[in-house]
1. Could you run the numbers on buried accessible area between B and A, total for both chains, 1.4 angstrom probe, in Å² to the nearest 100?
2. Kindly express, to the nearest 10 degrees and within the range 0 to 90, the angle between helix B:76-86's C-alpha long axis and the longest C-alpha principal axis of chain B.
3. Stokes-Einstein at 4 °C, 1.567 mPa s, Kirkwood radius from Cα pairs: D for the range B:109-221 in µm² s⁻¹?
4. If you fit an axis through the alpha-carbon atoms of helix B:146-158 and take the longest principal axis of the Cα set of chain B, what angle between them do you get, 0 to 90°, nearest 10?
5. Output the residues of the range B:29-75 meeting this criterion: accessible area (heavy atoms, 1.4 Å probe) in the chain alone minus accessible area with all protein chains in place is 10 Å² or greater.
6. Rank B:P98, A:A332, A:S360 by how far each Cα sits towards the positive end of the charge dipole of the protein assembly as shown (+1 on Lys, Arg Cβ; -1 on Asp, Glu Cβ) and give me just the farthest.
7. Do any residues of the range A:1-47 show a loss of at least 30 square angstrom of accessible area between the isolated chain and the full protein assembly, using a 1.4 Å probe, and if so which?
8. Which residues of the range A:354-394 bury at least 20 Å² of accessible area once all protein chains are present, versus their chain alone (1.4 Å probe)?
Amino acid sequence: MAQISFFSVALKNLKRKTFRTGVLVFAIALLVSLLIFAISFTVSVASSLKKSADRLGADLVVVPVGARGFAEEFLLESKNTSFYMPISIIEKVWEIEGIEALTYHTYLSSISGLCCDIMPTRIVAYNPKTDFIINPWLQESLGRPLQLGESIAGFGTSENLGLGLLDIEATIFDNRFKIVGVLEQTGTGLDHALFMTEDNLKNIIESGKSPLKKGEISIIFTKLKKGYDPDFVGRVLEGEIPEVDVVARSDMGEKFINTLADINKIFLLTTILASVLTTFLVWAIFSAIANERSKEIGIMRALGAKESHIVRLYLIEVLVLGLLGSIIGVLAGTYLSAMLAGSFSLLKNISAGLTVSQQSVIAMVGLLVGTTICVTGAMMPINRIKKMEPLLVIKEE
Amino acid sequence: MSFLHIENLTKTYTVDHETLMGVDNVSLSINRGEFLSIVGHSGSGKTTLVSIIGGILKPTAGRVLLEGVDICTLDDSKLSEFRAKRIGFMFQFASLLPILTAKENVLLPGIFNPGQITDNDNTARGLLEMVGIGEKLDSYPSQLSGGQQRRVAIARALLNNPDIILADEPTGDLDEETEAEIMHLLEEINKKQGVTIILITHNLGLAGKAQKKYRMSRGQLVDI
Ligand SMILES: Nc1ncnc2c1ncn2[C@@H]1O[C@H](COP(=O)(O)OP(=O)(O)OP(=O)(O)O)[C@@H](O)[C@H]1O
Ligand SMILES: [Mg+2]
């Protein structure tokens, strides 16, 4: 038979009122799962925004004035928007000090039925000579440049269009295209586009089915020389060229980040309230426990238990409770985050996902908070009871 | 200097602004290995007195010196150690933990006094056999009779080999035969191990067996 120890006595104490223990574990699990969900949500949105911006590889993005929001939507989420500026802007951008590399895209939205036989898709035409956005991915996926009349699908597009097979033909603005491959997933809004080189645009414009005119482009990507501050160069750019708006890499997704800050406030408020409530519940239950067991505590004191022994005994009890609740909460919260992620458009449009190490850190935070709250709530009643004179509590009935 | 020296000990209780006298200026010297008995009416202050001696109640005034050290001035840690190592309590009230078996109850003081007892199982068995309920090792208090519970508490008081046993009506609800057995046990412990015993009892016959006999009356202690 096992020897008697603080741990075995604490466990026996825990088993005395299983329902009450269960309620407490449940409350802590609820709190922790809420916490896990809130943190997972925030972190996954924030980190995937950053990943997307980094992935684009551009320090500054130049768009027609007023299109800043559209550009972000286009690049970071999967919305279909078109905006245009004359190609002559490029020369003006080159004149700004600090520009090292520059390329541009032209965007089109395909409209099913009217001109095209594919689902509404975003079409990205790029300049294969100067490009540094698409080419690196193309190199990985196809291993050769795209030819005239060829197109490659973004990762998400292939899912949307159901393009399991290669070498499918599609009509886009009255032009036949051969879809020769699928790009690897990038985690940006470009996953939902169809790519082609810009020499195809001539035929598309001639078809007359697109709103695009000759000599129009949508967006300019620039890389800066070492030592140039993107924010500064961006301000110079906007000052010199009134026709454009500039988004620096660090500002990309600003719209989201602001929304996110609001959501965070709500989460923060909810978790604080839930924490206070749970602490109060633990406090109430442990006050009841302390009262019920005051005589036993007095007896243990008379038998030689120090105040610290009493604290240790109850700390074990509350730690087991807290850990149990927190572990259940972490599991439930992680599961919930994964399940509900799809029903939040903020998470659906940007490709969100947490790495294992991010998840482990969040789990640790959940465990820590759950356990800390348990200990905090329980310590007050325990401290009160350990101080009482043993004889007086022993005589209590 | 005597082993245990009690000096002008006073304890008053305050209930609703009224002051009740629990122990009234008691002084007493006890030598190591002595067997004392205290009799007295209900409410005369017997429990209050031994509780102060055992360090589970603070006196209002006076000192309790054990080998010259005033236990009333010890901090919690030292006082608890004093109780764990030197005092064996046998309470007037039911005092077993309901969640623990007889054996676990007997061994409970051991976790507050680590290192003292090594062979848990045999120690507990030996003590419970000594008080005559060796077969109830794994019974819970609720499964034991009042008298059996009392014996478990007595066995528990002996676990840490205390220097002083404070027995507050230890045989209160036991039959005469068992009462005699327990008394015999206490006498044995007193004689063989030299343990100092203070026995509170209403039974004048039992009290008479002690070397020194006292009576408490309204908080005061008198020789008889
Ligand atoms: N916690 C307390 N609060 C107030 N008064 C108390 C308290 N404990 C004891 N008393 C009072 O102190 C006096 C002595 O009580 P004590 O318990 O020492 O008596 P006793 O001699 O042990 O009696 P009994 O033989 O019935 O056990 C009594 O008058 C009692 O009313
Ligand atoms: Mg009494």
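1. 2900 Å²
2. Long axis of B:76-86 versus the principal axis of chain B: about 60 degrees.
3. On the way: Rh = 15.2 Å.
Result for D is 85 µm²/s.
4. In chain B, helix B:146-158 runs at an angle near 80 degrees to the longest axis.
5. Flagged in the range B:29-75: B:T47, B:S51, B:I56, B:L57, B:K58.
6. B:P98
7. Residues meeting the cut-off: A:M1, A:Q3, A:I4, A:F6, A:V9, A:K12, A:R16.
8. A:E389, A:P390, A:L391, A:L392, A:I394
The values are calculated or read from the model by the stated rules, or taken from the named source; none is laboratory data. Here the structure is a predicted model, which is why all the values come from computation and not from measurement. A quick note on method: Cβ atoms are made from the backbone with ideal geometry, for glycine too, and the neighbour counts reach across all protein chains shown. Keep in mind that these areas ignore ligands, DNA and RNA; they rest on the heavy atoms of the full protein, side chains included. Shrake-Rupley method; radii C 1.70, N 1.55, O 1.52, S 1.80 Å.
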